[in-house]
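Some notes on the structure that comes next.
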Amino acid sequence: MPTVADCLRQHAPEYLLHFGDAVPLGHRRVLGLIQRCRTGELGAFAYACESCGTRHYLGRSCGNRHCPNCQHDKTQRWLTKQTERLIPANYFLVTFTVPRQVAMVIRDHQRDGYDALFEASSQAMIDVASATKALQDAQLGFFGVLHTWGRDPLVYHPHIHYIVASGGVSHDKERWIASPENFFVHHATLVRVFKAKLADKLRELGLYDQVSEDAWGGKWVVDLKPVGDGQATLKYLAPYVYRVAISNNRIEYCDDEEVVYRYTPSGTSSSKRRRVTGREFVAGFLQHVLPPGFQKIRYYGWMSPNSRTSIDLVRWLVWIHRGWTYWLGSGHAPRDIPKPRPNVACPCCRSEMKRIKVIYKDCSFLVTQSEQQRQAFQDTG
């Protein structure tokens, strides 16, 4: 089966030739890295089999965050780290989306637009929580993850998922202030404040007039739901944190004219096939490439790396609030043991191989590009 990289190798040259200097340098760089990932053009690792003595060469991966081949280990490390930061409290998943007219303006001004989306949504939660009786005097702790796609990668759909603890630390840092069970803030108020704050941000950027009045008067969707202790939500969210708009296993066909891929429409469990031209596929992929250096995961309140309130203190305050009986009997937050990275096996005899050398120059002539090798050596760094 073809991969995303295969499709880009086939169609990216024509796309770049057609659009010329209109293609941003960041997009050119991403295309170049993904097309060369694990081909040997970025260097290679030399392995020696301890049993049969055969040497094998594996192309180095590009490590780019938009490459579908280079994200698995990052996902596992992030999930492990965030699981360790969970506190013994319930959590809410809050998702902010925008109407299509606003989304199109954000797509044309991505760095400023994404920043505005983060600032408006995070500040809306903080302000509405501070005006909520149960959470007055509470400092929230939460983090948000930006996504720009939905089920179909050709559809641009910017939205932010936040995972927020159901309560906060008092400003004197001496007690945990819990929100009522299954209630965080008033949903309608959150939607109204988010809309107003995003409008203010777009005015500051000079982008407000590019959005039609119909968009501001239409329906805005903010999803707010309780998700228990947070572990299940982290496991649900983790694959999406480092996932790219389309994965290799969804590509069914690629030739010199078109690409065929699968997608699952919202509200259904059955997948459909979409046939697009090569140029449409490349354009659809590139619309999800983030600006260079853009931070798509952001932490707020006592979860911020700059906060003077440690996670250990927050966890202690929650235990005191919930009581020692709960602490002794809950077994809260059991953590999965991270799976060790498998040893590299020799494709010839399946014995263990050792890495003996790293090559930093182009050695594509040494690298075997069989499907067996692609699957055997993943995430080479």
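A few notes on this one:
- Rounded if a/c under 1.5, otherwise prolate or oblate - the stretch 67-128, Cα gyration tensor axes: oblate
- In terms of surrounding Cβ atoms within a 10 Å radius of their Cβ, MET125, MET104, MET303, MET1 rank from fewest to most as MET1, MET104, MET303, MET125.
- Magnitude of the charge dipole, the stretch 87-174, Cβ model with Lys/Arg +1 and Asp/Glu -1, debye to 20: 320
- Of THR97, HIS109, HIS288, farthest towards positive along the dipole that unit charges on Lys, Arg, Asp, Glu beta carbons give the chain: HIS288
- Note on the stretch 106-257: Cα-Cα pairs beyond 19 Å make up 62% of the total pair count.
- Per-residue ellipticity at 222 nm computed for the chain from its helices equals -11000 deg cm²/dmol, with DSSP H segments shorter than 4 residues left out and the rest contributing -39,500 (n - 2.57).
- By the compact-protein rule of thumb, 2.2 N^0.38 Å, the alpha-carbon radius of gyration of the stretch 1-112 corresponds to a ratio of 1.53.
- Remark: relative contact order (the stretch 137-295) = 20 percent; criterion is Cα-Cα distance under 8 angstrom and separation of 6 or more residues.
- Solution diffusion estimate, µm²/s, Stokes-Einstein, the stretch 144-193, Kirkwood Rh from C-alpha pairs, 20 °C, viscosity 1.002 mPa s: 154
- Cα long-axis angle, helix 187-204 against the chain (0 to 90 degrees, to the nearest 10): 60
- Efficiency of FRET from Cβ geometry, THR80 and ARG175, R₀ 22 Å, rounded to 0.05: 0.15
- Cα-based radius of gyration for the chain, normalised by 2.2 N^0.38 Å, reads 1.13.
- Fewest neighbouring Cβ atoms within 10 Å first, the residues TRP319, TRP302 line up as TRP319, TRP302.
- Among the trypsin sites (Lys or Arg not before Pro) found in the stretch 182-265, those both in a DSSP coil and sparsely packed, with 12 or fewer other Cβ atoms within 10 Å of their Cβ, are LYS219.
- Packing here is the average count of other Cβ atoms within 10 Å per residue, and on that basis the peptides 28-35, 15-22, highest first, run 28-35, 15-22.
- Angle between the chain longest axis and helix 72-84 axis [Cα atoms, degrees, rounded to 10]: 20
- Full-stretch length increase - ASN248, HIS157 - with 0.36 nm per residue and alpha-carbon distance subtracted: 30.7 nm
- Nitroxide proxy distance, nm - points 7 Å out along Cα→Cβ at ILE297 and ILE356: 3.7
- Working from label points 7 Å from Cα in the Cα-to-Cβ sense, the HIS187 to ASP6 distance is 4.4 nm.
- Counted over the stretch 24-64 with a bin width of 5 Å, the fraction of Cα pairs per bin, in whole percents, is 6, 23, 20, 16, 12, 9, 6, 4, 3, 1.
- Fewest neighbouring Cβ atoms within 10 Å first, the residues ARG151, ARG60, ARG9 line up as ARG151, ARG9, ARG60.
- At an R0 of 30 angstrom, the distance between the Cβ atoms of ALA345 and GLU280 translates into a FRET efficiency of 0.15.
- Stretch gain in nm, segment TYR208-LYS272, where the contour uses 0.36 nm per residue and the Cα spacing is subtracted: 19.4 nm
- Reachable lysines, given that their alpha-carbon falls under 27 Å from the alpha-carbon of LYS361 and they are not under 8 places away in the same chain: LYS74
Any read-out appearing in this document is the output of simple, stated calculations on the displayed coordinates, not a laboratory observation. It should be emphasised that the depicted structure is a prediction, and the values quoted were computed from it without experimental measurement. Heads up, the Cβs are rebuilt from the backbone with ideal geometry, glycines too, and the neighbour counts pull from every protein chain shown.
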